[in-house]
Amino acid sequence: MWELSIAVSSKNIDIAKFIYQTLKAQSAELDAVVTCYEEFDNFYIMFGCPTTEQARASVLLERCVIKVVCNFYKERYLTENLHLPLHESISLMAFKKALINFDKETDFYLISKNLTFEKNLHLDSFYHFKLKALRDKWAELVALANENSDYLVSSDAFFDLLKFLIDNLEVCEDEINVFEEENGYIISPQSEDLPNESLSQEGLISSLIELSPKKINLFCKNDDDNTAGFLSKIFEERININYSKSVENIKHNLR
């Protein structure tokens, strides 16, 4: 039996929950056991699998840790250090999400080359003591944005930079469909990295920036949808917007 314990500070319950749920959902084929408990000031996620599956398990664990650092830790770093002029909350969220995903290939490399799995991995210690080069890279990105904050007061300038960032993200999907429903939006085909549920406006915009598809087909029920307007503004020619009262029929026919 090969085992690994991942420790996360109790203040980071969202990270602990993400790791536990991700490993639980994606490790069934490995005949793995995933449990968690809280002790003193830490959550512990315990992972165990047959030794014959160690190589495959290491790949799964590496992907999970990389995603945690690049999403949770990087978002926190940006929130604490980024000082931008005030814009509407959706615009600022989109800008931060674009920065999170910007040059993520290098982020992945810097994390991967410093990551080793022994018996115990304390995520906060790993982040603070092993990933200084990664934080230095993020600091350069934040400094560039902060130094140009006066320029970004202009809405046009702000969106020009946002579009530049989005245009230079790694494309993760060729073409996806987005359907407006009563309670939000559904993305098809469904990515394993996305929640299997309707997305809010913020959730949809965040997911599309992360997926960075070459082509987006958005099916809306009415032409006063401000989500469609915002997406067309940041994705421009990459998005096709279709207005129809029969979105459900369209979704059925496309399957």
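The values are calculated or read from the model by the stated rules, or taken from the named source; none is laboratory data. For clarity, every value in this text was computed on a predicted model and none was experimentally measured. Glycine gets a Cβ as well: all are built from the backbone with ideal geometry, and neighbour counts include every protein chain shown. Calculation scope for accessible area: heavy atoms of the full protein, side chains included, ligands and nucleic acids excluded. Shrake-Rupley method; radii C 1.70, N 1.55, O 1.52, S 1.80 Å.
Of all residue pairs spaced 6 or more apart or on separate chains, those with beta-carbon atoms under 8 Å, a first member in region 22-43 that is over 18 Å from Ala55 (Cα atoms) and a second member that is β-branched (Val, Ile, Thr) and open to solvent by 60 Å² or more (accessible area, probe 1.4 Å) are Phe43/Ile13. Looking at (1) buried (at least 17 other Cβ atoms within 10 Å of the Cβ); (2) hydrophobic (A, V, I, L, M, F, W, C); (3) more than 20 Å from the chain's Cα centre (by Cα), which one does Ala157 not meet, given that it meets all the others? Here Ala157 clears every test but (1). When region 134-147 is filtered for residues that are surrounded by 13 or more Cβ atoms within 10 Å (Cβ to Cβ) and not aliphatic (A, V, I, L, M), the ones remaining, listed by number, are Arg135, Lys137, Trp138, Asn146. The set of residues from region 126-162 being touching a residue at least 12 places away in the same chain (Cβ under 8 Å) and under 30 Å from Cys49 (Cα atoms) comprises Phe126, Tyr127, Lys130, Leu131. Of all the criteria given as (1) within 15 Å of Lys97 (Cβ to Cβ); (2) modelled with pLDDT of 85 or more; (3) not in a helix (DSSP H, G or I); (4) not aliphatic (A, V, I, L, M), the one not satisfied by Asp193 is (2). Could you identify the single residue in Leu152, Leu165, Leu169, Leu131 that is farther than 16 Å from Lys96 by Cβ, out of contact with any Cys (no Cβ under 7 Å at 6 or more places or on another chain) and surrounded by 12 or more Cβ atoms within 10 Å (Cβ to Cβ)? Every option except Leu131 fails the conditions. Across region 90-111, the number of residues qualifying as in contact (Cβ under 8 Å) with a residue 24 or more places away in the chain and touching an Asp or Glu at 6+ places or on another chain (Cβ under 8 Å) comes to 7.
Per-residue answers, yes or no, for (1) under 20 Å from the mean Cα position of the chain (by Cα); (2) under 14 Å from Leu123 (Cα atoms):
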site: Trp2; (1), (2): no, no
site: Ser5; (1), (2): no, yes
site: Val8; (1), (2): yes, yes
site: Ile15; (1), (2): yes, yes
site: Thr22; (1), (2): yes, no
site: Glu29; (1), (2): no, no
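Just give me the residues in region 96-133 being farther than 16 Å from Arg63 by Cα, more than 13 Å from the chain's Cα centre (by Cα) and part of a helix (DSSP H, G or I), in sequence order. Across region 96-133, the qualifying residues are Asp124, Ser125, His128, Phe129, Lys130, Lys132, Ala133.
Is it true that Tyr185 is in contact with a strand residue (DSSP E or B) (Cβ under 7 Å, 6 or more places away or on another chain) and farther than 20 Å from Glu75 by Cβ? So Tyr185 passes the test. When region 116-126 is examined, which residues are found to be more than 11 Å from Val69 (Cα to Cα) and open to solvent by 20 Å² or more (accessible area, probe 1.4 Å)? Thr116, Phe117, Glu118, Lys119, Asn120, His122, Ser125 - these are the residues of region 116-126 that are more than 11 Å from Val69 (Cα to Cα) and open to solvent by 20 Å² or more (accessible area, probe 1.4 Å).
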